[in-house]
Amino acid sequence: MSAAASGSAARSAAPVPRSLLDDSRQITRAIELIKLGARLQMLQAETALPYERLLRLYKEVAGRSPSKGQLPFSTDWFLSWQPNIHASLFMNIYGYLLKTSPLDDVDAIAKAWQLYAAEVGTQDVEPLLSITRAWRLVRFIDAGMLAMTRCTRCGGHFVNNANEIEHSFVCGLCQPPARAGKGRRAGTIH
Ligand SMILES: [Zn+2]
């Protein structure tokens, strides 16, 4: 009896879910993101579920504890050669989905990431961009820290510094770094 009483006291301190249906949507979204390999920080930012609940859910779905520590990602990662090609491919798919489907932002990120992973898979390339990095990328662009720039040679749109000068930009596919020419390494996109 006293255990039940303290249980309800603890519950009243937690945020109240808006509705049962909303609660179940949040859980479904969290499970999907965990299956795609999302870090706990992404789940915390993109669902309204309490931390303890996310932690339990993560352990149950992933079968292990989430990795600890801060997200190490800075904008620099997205600008190096191969990561930039992967990030740009993802952003193009994501932008297309946002324009053509009624998906929520997070669901569009998840769907775009799955399509991106499938696309590089057809070229026998591992997805360099994790779902958490993809999410960070979208937020960096939302915040104006990164932008999409059109390549003056191929016309494709690539992730870039927000202040990159558009009329002289050439992408990493049209102009790979010198080291890239020395033998085609497996697992790179050309
Ligand atoms: Zn190009």
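The values are calculated or read from the model by the stated rules, or taken from the named source; none is laboratory data. Bear in mind that the values here come from a model prediction, so they are computed numbers and not experimental data. Because the Cβ atoms are built from the backbone with ideal geometry, glycine has one as well, and the counts that use them run over all protein chains shown.
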Exercise for the section: Take ILE131 and decide whether it is β-branched (Val, Ile, Thr), out of contact with any strand residue (DSSP E or B) (no Cβ under 9 Å at 6 or more places or on another chain) and under 26 Å from PRO66 (Cα atoms). Expected result: yes
Practice task
Quickly run through segment 84-126 and pick out the residues that are more than 25 Å from PHE169 (Cβ to Cβ) and part of a loop (DSSP other than H, G, I, E, B).
Solution key: SER101, PRO102, LEU103, ASP104, THR122, ASP124, GLU126
Exercise for the section: Please work out if ARG133 is out of contact with any His (no Cβ under 8 Å at 6 or more places or on another chain) and part of a helix (DSSP H, G or I). Expected result: yes
Completion exercise
Pairing a residue in segment 63-83 that is touching a residue at least 60 places away in the same chain (Cβ under 8 Å) with any residue that is aromatic (Phe, Trp, Tyr), where Cβ atoms lie under 6 Å and the two sit 6 or more apart in sequence or on different chains, gives THR75/PHE140
Exercise for the section: Would you mention how many residues in segment 147-164 are under 15 Å from LEU79 (Cβ atoms) and either in the same structural domain as ALA38 (by TED's automatic domain parsing) or touching a strand residue (DSSP E or B) at 6+ places or on another chain (Cβ under 8 Å) (or both)? Expected result: 11
Exercise for the section: Considering each residue of segment 150-175, count those that are surrounded by 10 or more Cβ atoms within 10 Å (Cβ to Cβ) and closer than 25 Å to ARG136 by Cα, and give that number. Expected result: 16
Problem - Matching residues, segment 142-160, being of a type in the set (A, V, I, L, M, F, W, C), more than 16 Å from the ligand (Cβ to nearest atom) and in a loop (DSSP other than H, G, I, E, B) - result: ALA143, MET145
Practice task
State which residue is surrounded by the fewest Cβ atoms within 10 Å (Cβ to Cβ) when the search covers only segment 110-146 and only residues that are among the aliphatic types (A, V, I, L, M) and farther than 21 Å from ASP76 by Cβ.
Solution key: ALA118
Handout entry: Members of segment 132-160 that are within 15 Å of LEU89 (Cβ to Cβ) and in contact with a Leu (Cβ under 6 Å, 6 or more places away or on another chain)
Key = VAL159
Exercise for the section: Would you be able to tell me the number of residues in segment 59-100 that are closer than 21 Å to ALA30 by Cα and over 16 Å from the mean Cα position of the chain (by Cα)? Expected result: 11
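Please pick out the residue among GLU119, GLU126 that is touching a residue at least 60 places away in the same chain (Cβ under 8 Å) and more than 16 Å from the ligand (Cβ to nearest atom).
On the way: GLU119 fails: touching a residue at least 60 places away in the same chain (Cβ under 8 Å).
None of the others qualify; the one that does is GLU126.
Quick check on my filter: what residues within segment 60-83 are part of a helix (DSSP H, G or I) and of a type in the set (Ser, Thr, Tyr)? Walk me through how you get there before you give the answer.
Filtering segment 60-83 for residues part of a helix (DSSP H, G or I) gives 60-62, 75-79, 81-83.
Hit for segment 60-83 is THR75, nothing else.
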